[in-house]
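What follows is a single structure, written as structure tokens, with notes after it.
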Amino acid sequence: MAASLHEITIKDTKVPVVFEEGKYIPIVSMQLVFKNAGHLANTVDGLADMSAKLLNEGTKQEGSIGFATKLDAHAVDIGAHVGRESFVIEVSALKSEFDYAVDRLVELLKDPNYSKEALEQIKYQKLGWIKQKEADFDFIAGSALRELLFKGSTLARAYNGTTESIEALKLEDIQKFISTRLGYNNVMGVVGGDITLKEAQGYLEKLLTLLPKVESTDVETLNASNKKETVLLDKDTQQAYIFFGAPFNYSYKEPDQYKAKIAEYLLGGAGFGSRLMEEIRVKRGLTYGVYASLRRTKSVSYLSGYMQTKLSTQEEAKALIQTVVDDFVKEGITQKELDDTKKFLLGSEPLRTETLSQRLGRAYNDYYYERPLDFSSQQLEMIESVTLKEVNDFIKSHNELSDISFSIVTKK
């Protein structure tokens, strides 16, 4: 049974629900996905993530250990996490325990653990994570690349938090974030498993009526820089960590996403079948792996890639990345490359829809990006029939991909 889209009415708002029933395993999963409540909604660096961590500390009455003990006794999982654009609260359990699981989530929503002890605990964990990242050169290079590409925006900041921002964070900041960002009017339900639609709607109504109405805002739209800048970060390293990015002037709303998917696969997403891997690893042996993707979200669309190489081959690798992208945009792809890509994308499709969570995730993305729920099937048909000229016309129309900026952790 394929995932389907429905609506329930909560007070003055129609709330979308993505639903798929699957009776082969007696498990139920439900997600509450809040729009524009992720990292990009931070007013303080790390605030969205810390709000999710606070919700993972149980209720104020039971405390973290007491609440976790109740969940463990019934094999219930309740957790919150954030992405760049969304904030997610998820509950899952055996079908026989799902009633109990929802009741525990009701307790959590009514009585989050807004205590000094919980705040100090999540601060301690976060500060430890930040300390670890000081020696994570991939993280450092990636963060610096975002600063280059998105100067002055939330995305350019340390959206996971800094030592200073976390130490200064107050309970009132988290309470305000949760009460002003998690509302019944900016949420959608994603439900699947051994459950009927009527049951799912009943559980959602029980949960969502507890939430306030919040100010509904759109996700901020950001544009990647085309200035072709390079930043070198001096660290005690034996390898050069090269992160690179460029603008990709292409909207998530475009109906021909399949062309971007083909271009992404062949430029840097196909492993040994990609141009970057072929030129930089296979022919020259400068790295174990080099990858690139064309990120397309509501907030931003851009080329993003990374690799590692020896310090002595850093400049050669950097120049090769630029050359490979330039040639790709100028010349396009070959018929053999297109044929091989079609075979892979069409042949591997069943692996991307074999689990309930994969199908629900795809249906959620289709709704979130304002597409029909059979959008992926439509795209497969387009991939099968697309011509070499159509793909190359698409690739050659995006010469902004050559406006590459680099962030490199190296030893000067």
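Among the residues of segment 139-156, the one identified as basic (Lys, Arg) and touching a helix residue (DSSP H, G or I) at 6+ places or on another chain (Cβ under 8 Å) is 146. Can you find a residue in segment 93-108 that is free of Cβ contacts under 8 Å to residues at least 40 places away in the same chain, basic (Lys, Arg) and touching a Lys or Arg at 6+ places or on another chain (Cβ under 9 Å)? Looking for residues that are free of Cβ contacts under 8 Å to residues at least 40 places away in the same chain, basic (Lys, Arg) and touching a Lys or Arg at 6+ places or on another chain (Cβ under 9 Å), one finds at least one in segment 93-108, hence yes. Within segment 57-78, the residues that satisfy the criterion of being farther than 24 Å from residue 126 by Cβ, touching a helix residue (DSSP H, G or I) at 6+ places or on another chain (Cβ under 9 Å) and among the aliphatic types (A, V, I, L, M) are 75, 76. Considering every residue within segment 353-367, establish whether at least one is among the acidic types (Asp, Glu) and under 24 Å from residue 302 (Cα atoms). The answer is yes; a qualifying residue exists. Could you tell me whether segment 212-227 includes any residue that is of a type in the set (Asp, Glu), outside the structural domain of residue 101 (by TED's automatic domain parsing), under 22 Å from residue 142 (Cα atoms) and part of a loop (DSSP other than H, G, I, E, B)? Yes - at least one qualifying residue is present in segment 212-227. For segment 48-56, the criterion of being outside any loop (DSSP other than H, G, I, E, B), over 17 Å from the mean Cα position of the chain (by Cα) and either among the polar types (S, T, N, Q) or not assigned by TED's automatic domain parsing to the domain that holds residue 198 (or both) is met by at least one residue.
Among the listed residues 204, 210, identify the single one that is surrounded by fewer than 18 Cβ atoms within 10 Å (Cβ to Cβ) and not acidic (Asp, Glu). Walk me through it before giving the result.
Details: 204 fails: surrounded by fewer than 18 Cβ atoms within 10 Å (Cβ to Cβ).
Going through 204, 210 in turn, just one is surrounded by fewer than 18 Cβ atoms within 10 Å (Cβ to Cβ) and not acidic (Asp, Glu): 210.
Scanning segment 152-191 for residues that are farther than 24 Å from residue 119 by Cα and at pLDDT 95 or above yields 184, 185, 186, 187, 188, 189, 190, 191. Name every residue in segment 195-219 that is within 27 Å of the chain's Cα centre (by Cα), within 24 Å of residue 25 (Cβ to Cβ) and not aliphatic (A, V, I, L, M), in order of residue number. Result: 201, 203. The condition of being in the same structural domain as residue 254 (by TED's automatic domain parsing) and free of Cβ contacts under 8 Å to residues at least 40 places away in the same chain holds for only one of 337, 316, that being 316. Kindly indicate whether residue 45 is surrounded by fewer than 21 Cβ atoms within 10 Å (Cβ to Cβ) and assigned by TED's automatic domain parsing to the domain that holds residue 164. Taking the combined requirement at face value, the residue does not satisfy it. The requirement of being surrounded by 15 or more Cβ atoms within 10 Å (Cβ to Cβ) and either within 26 Å of residue 39 (Cα to Cα) or not aromatic (Phe, Trp, Tyr) (or both) is satisfied by residue 78. Selection within segment 84-117: residues that are part of a loop (DSSP other than H, G, I, E, B) and not charged (D, E, K, R). The member of this set that is farthest from the chain's Cα centre (by Cα) is 115.
Note on segment 137-177: residues that are in contact with a strand residue (DSSP E or B) (Cβ under 7 Å, 6 or more places away or on another chain) and either of a type outside the set (D, E, K, R) or not in a helix (DSSP H, G or I) (or both) amount to 8.
The single condition among (1) within 20 Å of residue 144 (Cβ to Cβ); (2) touching a helix residue (DSSP H, G or I) at 6+ places or on another chain (Cβ under 8 Å) that residue 295 does not meet is (2). Of all the residues in segment 342-377, those that are basic (Lys, Arg), under 21 Å from residue 33 (Cα atoms) and either in a helix (DSSP H, G or I) or at pLDDT below 90 (or both) number 2.
If you take the residues of segment 1-11 that are in contact (Cβ under 8 Å) with a residue 60 or more places away in the chain and in a loop (DSSP other than H, G, I, E, B), which of them is nearest to the chain's Cα centre (by Cα)?
Going through segment 1-11, the residues in contact (Cβ under 8 Å) with a residue 60 or more places away in the chain turn out to be 2-6, 8, 10-11.
Still in the list and also in a loop (DSSP other than H, G, I, E, B): 2-3, 11.
Values: 2: 23, 3: 21, 11: 30 Å.
Filtering segment 1-11 for residues that are in contact (Cβ under 8 Å) with a residue 60 or more places away in the chain and in a loop (DSSP other than H, G, I, E, B), the one nearest to the chain's Cα centre (by Cα) comes out as 3.
Could you tell me whether residue 331 is under 24 Å from residue 254 (Cα atoms) and out of contact with any Leu (no Cβ under 8 Å at 6 or more places or on another chain)? When the stated conditions are applied, residue 331 passes them.
The values are calculated or read from the model by the stated rules, or taken from the named source; none is laboratory data. Remember, predicted model here, so these are calculated numbers, not experimental data. Positions of Cβ are backbone-derived with ideal geometry, glycine not excepted, and every protein chain shown enters the neighbour counts.
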